[in-house]
1. State the number of residues belonging to region 80-105 that are surrounded by fewer than 19 Cβ atoms within 10 Å (Cβ to Cβ), more than 25 Å from S9 (Cα to Cα) and touching a residue at least 40 places away in the same chain (Cβ under 8 Å).
2. Does G261 satisfy the criteria of being closer than 18 Å to G224 by Cα, of a type outside the set (D, E, K, R) and at pLDDT below 95?
3. Hey, does region 72-84 have a residue that's out of contact with any Phe, Trp or Tyr (no Cβ under 8 Å at 6 or more places or on another chain), at negative phi and part of a loop (DSSP other than H, G, I, E, B)?
4. So Y276 clears everything in (1) in a strand (DSSP E or B); (2) of a type in the set (F, W, Y); (3) more than 28 Å from the chain's Cα centre (by Cα) except one condition, right? Which one?
5. Select from region 43-64 the residues that are touching a Phe, Trp or Tyr at 6+ places or on another chain (Cβ under 9 Å) and either crowded, with 17+ Cβ neighbours inside 10 Å or over 26 Å from V110 (Cα atoms) (or both) and list them in ascending order.
6. Of the residues E182, E189, which is surrounded by fewer than 17 Cβ atoms within 10 Å (Cβ to Cβ), of a type outside the set (G, A, S) and closer than 29 Å to E137 by Cα?
7. If you check E304, E255, E271, which single one turns out to be surrounded by fewer than 11 Cβ atoms within 10 Å (Cβ to Cβ) and charged (D, E, K, R)?
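The values are calculated or read from the model by the stated rules, or taken from the named source; none is laboratory data. All of these numbers come straight from a predicted model, not from anything done at the bench. Glycine also receives a Cβ, built like all others from the backbone with ideal geometry; neighbour counts cover every protein chain displayed.
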Amino acid sequence: MKSRGILSSRIRFLFPKAHEFSEDERVDFFERKSLLNVKKGQILAEGEGEDFDPSEFPKGENVYVPPENPRVLVSSVDGHVFFKEGKIHVSPVYEVNGDIDHSTGNIHFVGTLIVRGTVRESFLVEAKEAEIGGDVEGTIFTRKNLTVGGGIVSKKHKVISGGNLKANYILSSKVEAFGDIEVSKFIRESEVKAGGSIIVSGEPGTIVGGTLWAKRGIKANVIGSSFSAHTTIRLGIDPFLEILIQRHIQTIQEERELVLGILEDKNLPFEERFEYERKLLELDFQTKLLEEALYRNLEKTFLEVKGKVFQGVTLIIGHHNLRIEEDIEGPVRFFLKNDKIELERWT
């Protein structure tokens, strides 16, 4: 950490210092621990002495002295704390002017992270939001939106956004976004999941190989190819909600098996048998409600292709499957109607 400058000796700093290694401590070059995160409302410093005056605090940006306790200095935002020109500042934005690599270590940040370069393979980024100027080769988790100026080529790792995700292209990667995914060029040989929509809007605008899963719908210029591995499109079901519901259904089924085992006892008193049979009906009803929630509004989802859908593509909407047996020229739109996957053209 840079020098704190000339500060009052009557101030006790309550945030951690940058990590310093002892001579016998093993150095982890992936976890450099130089970024000091603080939360909104966190006390950063405390004045000492009965005659301490709040003006002695070296107040910078995004810090304040609460009137109800003028002996402490508090952060007004989530961010990283640092000293500049002898003052304490907290910034909700952290910028890295190069790559995320051995020079930076992994980044864990509570605010918005801006990386001018590339997130290199085997490195990890965690942030509230992130803007990556280059490619993503490593792992990224964001609680909100993620923007990637280059491509996602995280073959051995995972990229997950809790909001929307934008990228130039996705290649041989596992990508998840709880919101929408927007890609400029192509998605190739990847596993991509979206709680909203997936849109590949630019040129060539292709989806080739792998599995894409979107709750609301998918738009692209071309799906599949004459030489690619199989391409699967799944629509209408929130992939993240399905995981939660299936876990809950599994718990219900386990409880159901226990009840069925009890009901096999021929000597079970009538009153107890009646209660267990009623419990069985309740469990079946719970399962039905969960499945209905999972498959609700399937008619609102769609696959829209401007150019061509190649033979070999599989389209799944809810429980309904359609394998494309011959190339289909676009513009074409697939959707569910009367429990059947339909196709319509437009000009």
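1. Looking only at that region, the number is 1.
2. Taking the combined requirement at face value, the residue does not satisfy it.
3. Filtering region 72-84 down to residues out of contact with any Phe, Trp or Tyr (no Cβ under 8 Å at 6 or more places or on another chain) leaves 72, 75, 77-78, 82-84.
Imposing the further condition that a residue be at negative phi reduces the set to 72, 75, 77-78, 82-84.
With part of a loop (DSSP other than H, G, I, E, B) added as a condition, the list becomes 77-78.
Checked region 72-84: at least one residue is out of contact with any Phe, Trp or Tyr (no Cβ under 8 Å at 6 or more places or on another chain), at negative phi and part of a loop (DSSP other than H, G, I, E, B).
4. So the condition that Y276 fails would be (1).
5. Scanning region 43-64 gives L44, A45, G47, P58, G60, V63.
6. E189
7. On inspection, the qualifying residue turns out to be E271.
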